[in-house]
Amino acid sequence: MVRYIARRLLLVIIIVLGVTIMTFSIMHMAPGDPAEMIAVARYGIENLTQDDIEWIRRAEGLDAPVYVQYAKWLNHVLHGDFGRSLITGEPVLSEILTRFPATVKLAVAGMMVSLLIAIPAGIISAVKQYSLIDSLSMIVALIGVSMPNFWLGLLLIILFSLYLGVLPVCGYGGIRYIILPAVTLGTGMAAITTRLIRSSMLEVLNQDYITTARAKGLKEKSIVARHALKNAFIPVITVIGLQFGHLLEGTVIIETIFAWPGVGKLLVDSIFARDFSLIQGCVLFIAVVFVLVNLVVDISYMYLDPKIRYEKGA
Amino acid sequence: MSEVALKLRPQIQNLRQLKKNKAAMIGLIIILFFVFTAIFAPFIAPHDPYEQNLEKALLLPCKEYPMGTDELGRCIMSRIIFGTRISLQIGIIVTGITACTGVLLGMIAGYYGGILDEIIMRIVDILLAFPGLVLALAIAGLLGPGLFNVMLALTIVGWMGYARVVRGSVLSVKEKEFVETARALGAGDIYILFRHILPNVMAPVIVMATLGMGYVILAAAGLSFLGLGAQPPTPVWGAMLNNGRAFMRTAPHLTAFPGLAIMITVLAFNLLGDGLRDIFDPRLKEKKIE
Amino acid sequence: MGILLSIRNLETSFYTGDGVVKAVNGIDLDIQDGRIVGLIGETGCGKSVLGLSILRLLPRNAEIRGKVFYKGQDILKLTEEEIRRLRGKEVALIPQNPSTSLNPVLKIGTQIAESLQLHRRLPREKAWGAAVDILRSLDLPNPEKRAEEYPHQLSGGMKQRVLAAVGIAGEPSLLIADEPTKGLDALIRVQVVEVLRRLVLQTGAAMLIITHDLKVAAGLCDELAVMYAGEIIEYGPAEQLLSSPEHPYARGLIASLPGNGLKPIEGFSPSLINLPAGCKFHPRCPFAIKACTEEHPRLVEIEEGHRVRCLLVDQSREPEKDLFNWNLQKEVG
């Protein structure tokens, strides 16, 4: 078990390293001269002389070869210095960390909404396969998967905020403010998750050991609860882990629509403000969080499945 | 060596099966309808999508403008019809390139193994460490506005799935006997790869590509909603949605119709893709009868 | 001794995308109290389906017709709840495929104790102890430790014994053992046969053993039914059937044993979707005459307790013009 975790950690480190290289590279994809862009951002476009630009180039180390710049940047990052926002001048990491809790709140709320819908719907659809409930929930899920979540968000705003006036249009505050964004985020994910849970359950219900359980004379409810769920649960954990990526993607757009002050909105704002340090910091941060969450999901999956646990462990 | 010919006969059987799947056929028909709309847009659209008519701004759907007009008096229906061209273009080009790239890299990784496999798979892992839309957003955002940049961003982010799946298929196929036979008869690697291995790994790729089209269109709509991609006044569904945000209270139809267009298109690809998946999946679901 | 199970004209069909699969085509079978009946046949002849049909454990696309009388009651007519109460307690199944028939995420002890709690109404701790006792009585070494383990930690033979334990936990009157030795090597097979034999002696239950392994059947059964393409083509006391089989297929089976020279039967088993007309075995039968391709033979009693389904053995039929040919072939074959 320990060796497996160690191996996974090593892989994760390599991946994170690659992530930093990738993030650094895409920064240099931006057309134009970075020194000039920084100069414009800091001083404005008037009164800018070539000397100013050259000064910035030297001050920011932009005249060094690329790999040297990367090494310096990586060194800073490992010490927690993600640079400073070109717009506000504040340290990037603190800007991100200030907004991180908001994103976490939204993500957790969204995940809860999603699971509250998907788990019962998926299980019932599988147990009552071919019934009306099954067909209906599959149709609804299919529509949900095809619907753009930003459209759903806007529709919900139109209905609940503009016409009914019961919920605020956007913003951050008490529970009233999180409902619409969480529901938008959650129902979109629920559509995908329901289908996955259903197919996982169906696969389990078709196994031989379920026939054995029936042959024992157990009630169908017992069979589903004790025999089927425990087996279906394991791939469901992976499903939930996979959903985490969609969750992060979803928060980016939904935070923008609902003016929810999270890391996603920060990313979008920084892109349009051409605030390169901030863009870089956000992308790196989101990726690292994603990798870590996947690692945790992997380890817990391994722990839950007795077969794998014994293969790798004691 | 007519392994390929032998593989085609089941394909024809599959087409017949596809016709039986009503949902998939509906999806196919809707897709064809959209393709038709895109090709013949100038003949179908009731008005010029760029023509502004400020006196007729923000009209609700009526006889002259079946989907109403936007804040500049442009016919929404015409804009949606022309927007079909861009959506389908993005879908086809991005899916085509990502599928080809992914399949090629997957075949190389799976067939040759060794360090080539390691390198390719590590790159896949690293790219997959980013949530797709986030990376595409960053790339498209940094490169600047424009249709090409959005397509490039989505391409960079979209090939890994194909590579993984194909690599897996190749690993299981390359040990099979007919490959050994071909090699014993002196066939070169490239020949084996394209005439023997490729036809056997195509099934999941076709399913992925169909579903992938829907996903690309959705992602592209998201990016254009955020302001990237083709710029105004070009009619793009996602951008039209974003545009409509300012008028949600008084003119909800600006948001309703573009979103509906996106949803129906993606739904069609999902229906077709699901149908294809049901056909290609091995029928292990049926209980063994002894 | 009474008749415990009486099957009359059982037909089971599966409705699939490729057509209707007729797995069981008109089976009549009686099992008496305390007797062991063997059901032999090749893979794909429908024998496992027969076992599952009795307990109505088939998937949704299966249709079962006919009558199955258990202790006088037609159990095919029972409601879902009523047959559920029979399962495990009156009629129990020992399923095939030990590797997939046990739940991988539950401990062995739990899976046996479950039945004990349900059928013998034992509280959990007592049920666990009783489960361990059953495992011990089946000669499973170190039963306490095994009960705490998961299925993948046990060998094939051990898992088979666990399945047997699950089967007898409810103290049933009839045990249906589905391919109990499939996939096990020779040594384990002998052990499993021993276990089953002891089971019957200990519990006094009747058993229906479904197998393709003739040696297993020979070692255990009182009566044998040979199945082909969903029908019983020969039935009789085990010793008699094995020493002098009448039906050409049964004779072929016996001849194919390693001890008898390993002579295979020509041809392939028929598709259960497109069954041949007339006698289902006629395409492969070395003695087939023209009538065999058209007329479907009935099961005929040729001597006390011994029934055969073959036109050539059916004395009540009119002698055929090619009787001469048949006699000739009988010398040769």
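Just to verify a result, which residue in region A:200-231, among those that are open to solvent by 50 Å² or more (accessible area, probe 1.4 Å) and not basic (Lys, Arg), is farthest from the other protein chains (Cβ to nearest Cβ)? Looking at the filtered set, the residue picked out is A:Ala225. Any chance you could count how many residues in region C:15-34 are open to solvent by 10 Å² or more (accessible area, probe 1.4 Å) and touching a residue at least 40 places away in the same chain (Cβ under 8 Å)? Residues meeting the conditions: 13. Just so you know, in region A:152-164 the residues that are surrounded by fewer than 17 Cβ atoms within 10 Å (Cβ to Cβ) and either at the interface with chain B (Cβ under 8 Å from one of its Cβ atoms) or aliphatic (A, V, I, L, M) (or both) include one that is nearest to the chain's Cα centre (by Cα), and it is A:Leu159.
The number of residues in region C:1-49 that are at pLDDT below 90, in contact with a strand residue (DSSP E or B) (Cβ under 9 Å, 6 or more places away or on another chain), polar (S, T, N, Q) and farther than 22 Å from C:Ala205 by Cβ comes to 1. In a residue-by-residue description of region C:74-91, the property of being open to solvent by 10 Å² or more (accessible area, probe 1.4 Å), more than 14 Å from chain A (Cβ to nearest Cβ) and in contact (Cβ under 8 Å) with a residue 40 or more places away in the chain applies to no position. Considering region A:35-54, the residues that are open to solvent by less than 50 Å² (accessible area, probe 1.4 Å) and either among the hydroxyl-bearing types (Ser, Thr, Tyr) or in contact (Cβ under 8 Å) with a residue 24 or more places away in the chain (or both) include one that is farthest from A:Leu278 (Cα to Cα), namely A:Ala35. I want to confirm something. Restricting to region A:93-151 and keeping residues that are open to solvent by less than 60 Å² (accessible area, probe 1.4 Å) and not in a helix (DSSP H, G or I), which single residue is nearest to A:Gly262 (Cα to Cα)? That would be A:Pro148. For beta carbons closer than 7 Å, sequence separation of 6+ or different chains, a first residue in region B:129-150 that is of a type in the set (D, E, K, R) and a second that is modelled with pLDDT under 90, there are no qualifying pairs.
Can you name the residue in region B:99-158 that is in a loop (DSSP other than H, G, I, E, B) and within 13 Å of chain A (Cβ to nearest Cβ) and, of all such residues, is surrounded by the most Cβ atoms within 10 Å (Cβ to Cβ)? Before the answer, list the steps.
Residues of region B:99-158 in a loop (DSSP other than H, G, I, E, B): B:113, B:129-131, B:144-146.
Remaining after also requiring within 13 Å of chain A (Cβ to nearest Cβ): B:129-131, B:144-146.
Numbers: B:Ala129: 21, B:Phe130: 26, B:Pro131: 24, B:Gly144: 14, B:Pro145: 15, B:Gly146: 14.
So, considering only residues that are in a loop (DSSP other than H, G, I, E, B) and within 13 Å of chain A (Cβ to nearest Cβ), the one surrounded by the most Cβ atoms within 10 Å (Cβ to Cβ) is B:Phe130.
Taken over region A:155-168, the criterion of being in contact with a Phe, Trp or Tyr (Cβ under 9 Å, 6 or more places away or on another chain) and without any contact (Cβ under 8 Å) to a residue 24 or more places away in the chain is satisfied by A:Val166, A:Leu167, A:Pro168.
Residues in region C:43-65 that are within 11 Å of chain B (Cβ to nearest Cβ) and closer than 15 Å to C:Gln96 by Cα: C:Thr43, C:Gly44, C:Gly46, C:Lys47, C:Ser48, C:Val49, C:Leu50, C:Gly51, C:Leu52, C:Leu57, C:Leu58. A:Gly188 meets each of the listed conditions (1) within 14 Å of chain C (Cβ to nearest Cβ); (2) under 31 Å from the mean Cα position of the chain (by Cα); (3) of a type outside the set (Phe, Trp, Tyr) apart from (1).
When you scan region A:146-154, do you find a residue that is in contact (Cβ under 8 Å) with a residue 12 or more places away in the chain and under 30 Å from A:Asn231 (Cα atoms), even just one?
no
Of the residues contained in region C:37-59, none is found to be in a strand (DSSP E or B), open to solvent by 10 Å² or more (accessible area, probe 1.4 Å) and either among the hydrophobic types (A, V, I, L, M, F, W, C) or closer than 23 Å to C:Leu220 by Cα (or both). On inspection, A:Leu180 fails the criterion of being at pLDDT below 90, in a helix (DSSP H, G or I) and not small (Gly, Ala, Ser).
Among the candidates A:Val297, A:Val289, A:Val263, which residue alone is touching a residue at least 40 places away in the same chain (Cβ under 8 Å) and over 30 Å from A:Pro168 (Cβ atoms)? Spell out the reasoning first.
Working: A:Val289 fails: over 30 Å from A:Pro168 (Cβ atoms); A:Val263 fails: over 30 Å from A:Pro168 (Cβ atoms).
Result of the check over A:Val297, A:Val289, A:Val263: A:Val297.
Residues that are open to solvent by 40 Å² or more (accessible area, probe 1.4 Å) and among the aliphatic types (A, V, I, L, M) within region C:243-258 comprise just one, C:Leu257.
The selection criterion, being of a type in the set (Val, Ile, Thr) and at pLDDT below 90, holds for B:Thr250. For region C:92-114, a residue qualifies if it is part of a helix (DSSP H, G or I), at the interface with chain A (Cβ under 7 Å from one of its Cβ atoms) and under 22 Å from C:Ser137 (Cα atoms), and the qualifying residues are C:Ser101, C:Glu114.
Cβ-Cβ below 9 Å, separation at least six or inter-chain, first residue in region C:284-304 and surrounded by fewer than 17 Cβ atoms within 10 Å (Cβ to Cβ), second assigned to a helix (DSSP H, G or I): which pairs? Close Cβ pairs satisfying both conditions: C:Pro286/C:Pro248; C:Pro286/C:Gly252; C:Pro286/C:Gln329; C:Pro286/C:Val332; C:Thr293/C:His282; C:Thr293/C:Pro283; C:Glu303/C:Gln240. Residue check: A:Ala259 meets all listed conditions (1) at the interface with another protein chain (Cβ under 8 Å from one of its Cβ atoms); (2) hydrophobic (A, V, I, L, M, F, W, C); (3) on the phi > 0 side of the Ramachandran plot but one, namely (1). When A:Tyr172 is tested against (1) open to solvent by 30 Å² or more (accessible area, probe 1.4 Å); (2) part of a helix (DSSP H, G or I); (3) among the aromatic types (Phe, Trp, Tyr), only condition (2) is not met.
Cβ separations smaller than 9 Å between residues 6+ apart or across chains give the following pairs from region B:253-280 residues that are farther than 24 Å from B:Phe225 by Cβ and within 8 Å of chain A (Cβ to nearest Cβ) to residues that are of a type in the set (Val, Ile, Thr) and assigned to a helix (DSSP H, G or I): B:Asp274/B:Val207; B:Asp274/B:Thr210. Exactly one residue among A:Val19, A:Val66, A:Val12 is among the hydrophobic types (A, V, I, L, M, F, W, C) and open to solvent by 50 Å² or more (accessible area, probe 1.4 Å), and that residue is A:Val66.
Looking across region B:211-235 at every residue that is within 13 Å of chain A (Cβ to nearest Cβ) and among the β-branched types (Val, Ile, Thr), the one that is nearest to B:Gly68 (Cα to Cα) is identified as B:Ile217.
Consider A:Ile197 carefully, then state whether it is buried (at least 18 other Cβ atoms within 10 Å of the Cβ) and away from chain C (no Cβ under 12 Å). Yes, satisfied.
The values are calculated or read from the model by the stated rules, or taken from the named source; none is laboratory data. Since the structure is predicted, the reported quantities are computational estimates derived from the model, not experimental observations. Cβ sites come from the backbone with ideal geometry, for glycine too, and all protein chains shown count toward neighbours. Remember, those area values only see protein heavy atoms, side chains included, never the ligands or the DNA or RNA. Shrake-Rupley method; radii C 1.70, N 1.55, O 1.52, S 1.80 Å.
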